[in-house]
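*Asks:* Sharing a structure, written as structure tokens. Questions coming.
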Ligand code: AMP
Ligand code: MG
């Protein structure tokens, strides 16, 4: 499938979603042009990152400030919430003993509370306490062998919010080996915060894209809308594109990151209810006002598949791709799939 029209300049943004910006410069009618200033910092959350700030020509200093602020914000939140960073707040919580209160920042607690609410809203499909299962499948992948039923049962025992208490300034484990993983929500939260920083810096528009999860605000450098291209989960290239004004687009998909065991690919997303990697869909793209919401639901719908569409909150839309390369099945809610232009 080819895209409907050729975009003069395409921002290639990592794994899942591509955003096209028509032109670098466009006349605003006042004689002064809008310009898009782009920065691609490395080392953000272990993936690609693209930041775009739109300002009036001559205001490039404002754009630079907005981009530097957004980059610093992403790194700051990664430092709080990544379980890959040894002394992050989440790593400290994961290493703590049962009943030992762990003091956390308001932000980390806010994300943990949102994650707990999401477990409820998704009927248990989205559950950041499933870290023991994530670790089990990751180490099984490294060892090249399937985990045993017993190992899965043990990791499931260690999963669930019954093991965690959140108070105003602390988190406490009720039992020993509880661990959390904010990999399915913290990136969205960080993108939202980075957009806030860019807005406050005075950018007229912009985009924060971390590994293909993104949020746009204000005006793009050309035209009225941002164009987002959805990657084909079955092959190299683009499945289609759609346009939107403001908001976030996040994509989860088994093709992006997986473990291989005995010749079979297993997704990095786990169904916490069963303790096994998901295989219901090839990819899920979610559009929501906030990146945190889009991030949560992209992961959750990867677990729930089609029946999960009924659970989507108002204002959140999803595009679900399943089947295989020969017989892809594309369905969605709201604007999807009708607004997905495939040629
Ligand atoms: P995403 O790429 O946003 O779909 O997030 C995937 C990441 O979220 C994984 O790499 C894990 O760190 C974590 N994760 C995996 N399964 C789940 C789940 N069922 N609920 C919440 N987080 C999960
Ligand atoms: Mg997610």
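*Asks:* Roughly how tilted is helix 186-200, in degrees to the nearest 10 and between 0 and 90, from the longest Cα axis of the chain?
*Replies:* For 186-200 against the chain, the angle is about 30 degrees.
*Asks:* Restricting to the chain, compute how many DSSP beta bridges are antiparallel as a %, nearest 5.
*Replies:* Values: 65 of 65 bridges.
The answer is about 100 percent antiparallel.
*Asks:* Considering the Cα positions of the range 239-328, please state its Rg to one decimal place and its Dmax as a whole number of Å.
*Replies:* Rg, Dmax (Cα atoms, Å): 13.5, 45.
*Asks:* How big is the Rg/Rh ratio for the range 124-192, C-alpha atoms only, Rh by Kirkwood, two decimals?
*Replies:* 1.03
*Asks:* On the principal axes of its Cα set, how long, how wide and how thick is the chain? Give whole Å, largest value first.
*Replies:* 68, 49, 36
*Asks:* With an 8 Å Cα cut-off and a minimum separation of 6 or more residues, compute the relative contact order for the chain in percent.
*Replies:* Working: 791 pairs, mean separation 69.5, N = 343.
Contact order relative to length: 20 percent.
*Asks:* Considering every pair of different Cα atoms, what Kirkwood radius, in Å, is found for the range 39-103? Spell out each step's value before the answer.
*Replies:* Working: mean 1/r = 0.0719 Å⁻¹.
For the range 39-103, the Kirkwood estimate is 13.9 Å.
*Asks:* Sticking with this one: What full-extension length gain, to one decimal in nm, is calculated for residue 262 and residue 175 as 0.36 nm per residue of separation minus the Cα-Cα distance? Please list the in-between numbers first.
*Replies:* Numbers: separation 87, 0.36 × 87 = 31.32 nm, distance 3.41 nm.
The span from residue 262 to residue 175 would gain 27.9 nm if fully extended.
*Asks:* Still on this model: Averaging over every viewing direction, what projected area does the convex hull of the Cα atoms of the range 32-177 cover, in nm²?
*Replies:* Values: hull surface 47.4 nm².
Result: a mean projected hull area of 11.9 nm².
*Asks:* What is the P(r) of the range 163-233, as percent of Cα-Cα pairs per 10 Å bin from 0?
*Replies:* Whole-percent P(r) values from 0 Å outward: 16, 32, 24, 18, 10, 1.
*Asks:* Report, in whole Å, the centroid distance computed from the Cα atoms of the range 73-100 and the range 284-342.
*Replies:* Taking the Cα centre of the range 284-342 as reference, the centre of the range 73-100 is 30 Å away.
*Asks:* Something else about it: Starting from the Cα-Cα distance between residue 341 and residue 85, subtract it from 0.36 nm times their residue separation and give me the gain in nm to one decimal. Could you put the intermediate results ahead of the total?
*Replies:* Details: separation 256, 0.36 × 256 = 92.16 nm, distance 4.02 nm.
Between residue 341 and residue 85, full extension yields an extra 88.1 nm.
*Asks:* Mind giving me the FRET efficiency for residue 72 and residue 143? R0 is 56 Å, r the Cβ-Cβ distance, nearest 0.05 is fine.
*Replies:* Working: r = 39 Å, r/R0 = 0.69.
For residue 72 and residue 143, the calculated efficiency is 0.90.
*Asks:* Another question, if that's okay. On a 0 to 90° scale, report how tilted helix 60-81 is relative to the longest principal axis of the chain, with both axes built from alpha carbons and the result rounded to the nearest 10.
*Replies:* 10 degrees
Every number in this text was worked out from the coordinates using simple rules, so none of it is lab data. The model shown is predicted, which means the values in this text are computed figures rather than measured ones. Glycine gets a Cβ as well: all are built from the backbone with ideal geometry, and neighbour counts include every protein chain shown.
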